[in-house]
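Everything below concerns the one structure shown next.
Every number here is computed from the coordinates shown, using simple stated rules; none is lab data. This one's a predicted model, so the numbers in the text were calculated from it and none came from an experiment. In this analysis, Cβ positions are derived from the backbone assuming ideal geometry, glycine residues included, and neighbour counts consider all displayed protein chains.
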Amino acid sequence: MIPTIPPQRTSASPRGGTSLAARAFRLQQAFATLDGDVQSLKDLAATAGLDEATAYRILQSGKASGAFDQVGRGRYQLGPAAAEIGMRAMTQVAADRGEKAVLADLQAATDAFVWLYALTPAMGVPRRVCVDYAIGDLDTADLGMTVDEVITVGRSLRTGASGRMILAHLTPSMQARVFAEPAPGCAGPGVLSDGELLASLDVIRQQGYALGDQECLSGWASVAAPVMHDGRIFGAVLVLKAADAWPNDPSNLIALTVNAAAELSQEMQQASAA
């Protein structure tokens with residue numbers, strides 16, 4: 001049974017700008033602010049701070065370029081052109097801007113496996129993909145899988161500290177798509193039930209990190225912190241350590257991971273503003 005996910009509070013305050021370009025951008029941002037894929041003209045206009053006639057003209061104009069699709073009377077969704085623009089933008093944001101050094105420093109300080117995951121859509125379901133890592137002198141054979149296998153398996157956001165970290169920052173409709181799929185068969189013995197997983201999300205958002213105990217791999221524990229861009233989740237930094245080497249007090253591991261994620265978030269924000 002898919003659990004009911006409570007709605008999250010989002011800001012509907014439009015940003016400044018009265019030019020046609022600014023109003024079109026605000027309308028596009030409204031799709032990201034509102035939950036769900038398909039939105040009404042009324043809700044889009046209200047969220048963007050526009051009158052319905054202006055919003056309608058922008059939406060109709062954007063249909064020709066593929067920025068918006070009309071899926072019913074007065075109902076719209078983002079079109080394929082918007083998705084392409086978003087993917088290109090995030091590719092530029094995620095370009096190597098020094099993250100390797102941040103990950104290497106974190107690895108040296110924790111003597112653990114360090115992974116950088118990014119949120120990515122796959123067949124309409126949010127997933128995570130490993131985009132970089134630092135392992136120092138550690139041997140991936142200890143994980144029971146190769147680096148390639150680590151990168152390509154465990155994509156589900158249902159398992160692992162990094163998966164739940166990203167999941168906690170998604171909209172309810174995106175979370176529901178993740179819950180609609182079963183936990184992967186390769187999950188470790190610590191994988192959470194639907195109820196436990198749902199209950200952990202509010203806590204994760206509030207405390208700013210997630211802990212995992214043998215969720216993805218038997219015998220391994222982890223901590224993850226969010227990498228954010230412009231107030232939205234980009235991905236997560238994960239520190240993975242053997243459970244028998246996990247400290248009784250993980251506060252230092254948590255602080256190091258949270259600080260590294262914050263540094264990556266800051267670098268992305270600065271790069272975008274440059």
Amide hydrogen neighbours beyond the local backbone of Arg127, cut-off 5 Å, H modeled: Thr120, Ala122
From phi via Karplus (6.51, -1.76, 1.60), per-residue ³J(HN,Hα) for region 66-73 in Hz, x at Gly/Pro: x, 6, 10, 10, 9, 10, x, 5
3J(HN,Hα) from dihedral phi, region 162-171, Karplus parametrisation 6.51/-1.76/1.60, rounded to Hz, x for glycine, proline: 5, x, 5, 4, 5, 4, 5, 9, 8, 6
Qualifying lysines (Cα of each under 28 Å from Cα of Lys42; at least 8 residues distant if same chain): Lys63
Nonlocal amide H pairs with Tyr133, under 5 Å, H built at 1.01 Å: Leu116
Per-pair calculated FRET efficiency, R0 = 22 Å: Lys100 and Ser218 via Cβ, rounded to 0.05: 0.15
Interchain or long-range residues, amide H under 5 Å from Phe234's placed H: Val227, Met228, His229
From phi via Karplus (6.51, -1.76, 1.60), per-residue ³J(HN,Hα) for region 105-116 in Hz, x at Gly/Pro: 5, 5, 4, 5, 6, 10, 6, 9, 6, 10, 10, 10
Peptides ranked, highest mean first, by Cβ atoms within 10 Å: ranges 125-134, 69-78: 125-134, 69-78
Distance in nm between pseudo-label sites at Ala262 and Gln207 (7 Å out along the Cβ direction from Cα): 1.7 nm
Rounded if a/c under 1.5, otherwise prolate or oblate - region 94-273, Cα gyration tensor axes: rounded
Computed label-point distance, nm, for sites Lys63 and Arg232 using a 7 Å Cα→Cβ extension: 2.4 nm
Rel. contact order, % - alpha carbon contacts under 8 angstrom, at least six apart, region 136-268: 23 percent
